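The next block holds one structure in the form of structure tokens; read it before the comments.
The values are calculated or read from the model by the stated rules, or taken from the named source; none is laboratory data. Everything numeric in this text was worked out from a predicted model, so none of it was measured. Every residue, glycine among them, receives a Cβ derived from its backbone with ideal geometry; neighbour counts consider all protein chains shown.
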């Protein structure tokens with residue numbers, strides 16, 4: 001039995017919106033055993049010297065297989081190469097404090113098991129397998145003159161598969177769940193990074209989405225939808241979809257409807273900020289560039305709309321390839337509208353809910369998994385420090401084991 005006591009740690013109190021006074025958090029065999037208790041005999045002691053000790057960070061919208069903005073290049077990469085590239089991304093995520101990541105299209109059970117078996121030093125992955133796209137939909141990467149029947153859908157480097165018709169939708173949902181998907185993802189609206197679908201275009205029929213919702217429900221899980229326009233969001237809520245990705249153009253009435261239906265939204269503002277800054281230089285086509293401003297401007301307005309409607313918002317970035325360097329900017333963008341407490345509550349409470357791990361992650365209660373990050377500074381005073389791990393992140397703990405120790409020699413001596 002391994003026991004570790006993190007002493008002189010300031011813990012988050014989301015009810016007060018403040019850090020506690022320095023206290024002790026005890027971890028035993030990868031689980032939190034208690035806080036504010038005496039140090040158990042024989043325990044390893046880690047003195048944090050007043051650092052803030054938070055639950056591990058949760059990103060609820062990520063694509064670990066999206067090596068670059070050249071999506072077709074990602075697709076045609078050999079699966080072995082795509083896996084090695086994804087492992088590198090996952091290691092980077094953990095080094096930045098993300099101990100749980102919900103992958104919204106691409107990652108498979110092999111990457112999940114790679115972490116579980118210690119082959120990849122990364123966060124826990126919660127996967128949907130591939131996103132479902134209709135012909136001509138958001139993950140149909142073919143140009144209009146390309147008449148090949150698919151877009152290499154089951155290659156690891158692809159984020160989605162082309163599926164049409166109720167029967168094929170049902171079969172594909174069952175296949176994904178059988179192969180380890182924890183939820184189902186549907187492309188229900190046009191997208192920025194795909195060449196042929198306008199932002200305001202609805203995708204899939206009501207019957208096809210109902211079939212997805214039924215298959216997910218039969219497996220005791222839910223459907224997540226890529227949606228921008230108010231019409232697409234409203235339709236998905238009506239059809240029983242529970243996770244609403246992006247939601248840039250949502251109206252107050254639809255936000256209230258979604259809240260009443262028990263939905264969770266995942267705004268990903270930084271994705272459009274990154275595309276605006278570098279998309280053209282990195283090869284994003286003219287058609288895709290023309291869509292960016294519409295969703296970028298709407299996204300900022302959506303935060304207040306969803307907050308005022310009581311619609312929970314999880315934290316997500318959705319950055320691909322070279323744009324991942326902007327990930328920390330999501331905290332800055334959220335902080336323009338939301339309070340630090342609202343951002344943290346969304347990351348931890350709504351995030352755990354979408355990962356279907358409530359009571360396991362995003363909380364420091366006894367019995368929860370000991371996924372932890374220690375940071376310099378007070379995130380309730382300045383939430384943006386979480387977006388600058390190279391400056392603020394001192395310790396990353398995954399399942400009770402220290403994965404990254406960035407404390408300086410002086411900090412370690414001071415704590416001792």
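Quick notes on this one:
- Within segment 56-100, the set of residues being touching a helix residue (DSSP H, G or I) at 6+ places or on another chain (Cβ under 6 Å) and part of a strand (DSSP E or B) comprises 58, 60.
- Among residues of segment 42-55, those that are part of a loop (DSSP other than H, G, I, E, B) and within 13 Å of residue 4 (Cβ to Cβ), counted: 3
- Number of positions in segment 164-181 that are more than 22 Å from the chain's Cα centre (by Cα) and buried (at least 24 other Cβ atoms within 10 Å of the Cβ): 1
- Checked against (1) over 19 Å from the mean Cα position of the chain (by Cα); (2) touching a residue at least 60 places away in the same chain (Cβ under 8 Å), residue 149 passes all but a single condition, namely (2).
- Residue ID - surrounded by the most Cβ atoms within 10 Å (Cβ to Cβ), chosen from residues in segment 303-315 that are assigned to a helix (DSSP H, G or I) and out of contact with any strand residue (DSSP E or B) (no Cβ under 8 Å at 6 or more places or on another chain): 305
This table checks each residue for (1) surrounded by 23 or more Cβ atoms within 10 Å (Cβ to Cβ); (2) under 30 Å from residue 323 (Cα atoms); (3) touching a helix residue (DSSP H, G or I) at 6+ places or on another chain (Cβ under 6 Å).
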{"residue": "220", "(1), (2), (3)": "no, no, no"}
{"residue": "226", "(1), (2), (3)": "yes, yes, no"}
{"residue": "238", "(1), (2), (3)": "no, no, no"}
{"residue": "256", "(1), (2), (3)": "no, no, yes"}
{"residue": "259", "(1), (2), (3)": "no, no, yes"}
{"residue": "278", "(1), (2), (3)": "no, yes, no"}
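- Residue within segment 198-215 that is closer than 21 Å to residue 342 by Cβ, out of contact with any strand residue (DSSP E or B) (no Cβ under 9 Å at 6 or more places or on another chain) and surrounded by fewer than 24 Cβ atoms within 10 Å (Cβ to Cβ) present: no
- Qualifying residue in segment 182-193 (condition: modelled with pLDDT of 95 or more and surrounded by fewer than 24 Cβ atoms within 10 Å (Cβ to Cβ)): yes
- The set of residues in segment 5-41 being assigned to a strand (DSSP E or B) and more than 16 Å from residue 367 (Cβ to Cβ) consists of 5, 6, 7, 8, 9, 10, 12, 13, 18, 19, 23, 24.
- Subset of segment 125-153 [within 17 Å of residue 317 (Cβ to Cβ) and assigned to a strand (DSSP E or B)]: 125, 126, 127, 131
- Residue 69 being under 24 Å from residue 224 (Cα atoms), assigned by TED's automatic domain parsing to the domain that holds residue 176, surrounded by fewer than 24 Cβ atoms within 10 Å (Cβ to Cβ) and at pLDDT 95 or above: no
- Helices (runs of 4 or more DSSP H) fully within segment 188-277 counting 3 or more residues that are more than 23 Å from the chain's Cα centre (by Cα) and in contact (Cβ under 8 Å) with a residue 40 or more places away in the chain: 206-218
- Of the numbered criteria (1) over 11 Å from the mean Cα position of the chain (by Cα); (2) buried (at least 23 other Cβ atoms within 10 Å of the Cβ); (3) on the phi > 0 side of the Ramachandran plot, the one residue 318 fails is (1).
So that you can scan it fast, the table gives a plain yes or no per residue for (1) over 17 Å from residue 92 (Cα atoms); (2) assigned by TED's automatic domain parsing to the domain that holds residue 116; (3) touching a residue at least 40 places away in the same chain (Cβ under 8 Å):
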| residue | (1), (2), (3) |
| --- | --- |
| 347 | yes, yes, yes |
| 350 | yes, yes, yes |
| 366 | yes, no, yes |
| 379 | yes, no, yes |
| 396 | no, no, yes |
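- The residue of segment 327-341 that is farthest from the chain's Cα centre (by Cα), among those that are crowded, with 19+ Cβ neighbours inside 10 Å and part of a helix (DSSP H, G or I), is 340.
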